[in-house]
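A.B. asks: Can you keep this structure in mind? I'll have questions shortly.
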Amino acid sequence: MERSKSLSINSVKRYKFFLMGSLSIMFLAYMTLYLIDGDLYGVVMVVVYLALMIFYWYPNIGKFLKKIKEVSYDKENLYVQEGTYEIQIPFHEVKDIEIVSLDGLYKFKLYQSDQFGDEVICKPSLWYPLNYKKVDAELNRIRGLVRKAHHEYTDKIGFDRSLPSN
């Protein structure tokens, strides 16, 4: 089947690098404010912030950024790029689609856990707040395809799957 255009931005790796770099620069700039004072409190705060950054912040942000994938779709499936291979997810396996952040990260919640977990996060547009109507219209189209796949799937397996009573 012919795929629609990719749902993710073209340069997911550059977006991840830019996001991690800009957050690191802001965090380091905040730490230098304490060093400018030059008192003992400032030195202690820099050590505390540095420890937080190395042992807590970087691992958590790294885990989150690993969840951002390149996603494309057609009328029946979602395709997630995982390294050098591609994973096909039928639309009836998608539980929900929701926005995660103000910069336009979208989360696809899945019914079953796959190689990458039970959710896929994608960044449809680098300029999301400015072109939200276009991106939201595309994601509403995908939500419609998911609803249609759910109806077809429930009709296919039968609506009443309860056990017979004795």
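Every read-out reported here was derived from the displayed coordinates using simple, explicitly stated rules and does not represent laboratory data. Not measured: the values here are computed from a predicted model. Cβ: placed from backbone, ideal geometry, glycine included. Neighbour counts: every protein chain shown.
A.B. asks: Kindly state, to the nearest 0.05, the FRET efficiency for residue 84 paired with residue 138, given R0 = 35 Å and r defined as their beta-carbon distance.
C.D. replies: It comes to 0.85.
A.B. asks: Can you give the angle from 0 to 90° between the axis of helix 132-157 and the longest principal axis of the chain, with both taken from C-alpha atoms, to the nearest 10?
C.D. replies: On a 0 to 90 degree scale, this one is about 40.
A.B. asks: Given the rule -39500 (n - 2.57) for each run of at least 4 DSSP H residues, summed and divided by the residues of the chain, what is its mean residue ellipticity at 222 nm, to the nearest 500 deg cm²/dmol?
C.D. replies: When only DSSP H runs of four or more count, the value is -15000 deg cm²/dmol.
A.B. asks: Right, here's the next one. What's the FRET efficiency of residue 148 with residue 102 using the Cβ-Cβ distance as r and R₀ = 25 Å, to the nearest 0.05?
C.D. replies: The computed FRET efficiency comes out at 0.30.
A.B. asks: Please list 88-96, 120-128 highest first by mean number of surrounding beta-carbon atoms within 10 Å per residue.
C.D. replies: 120-128, 88-96
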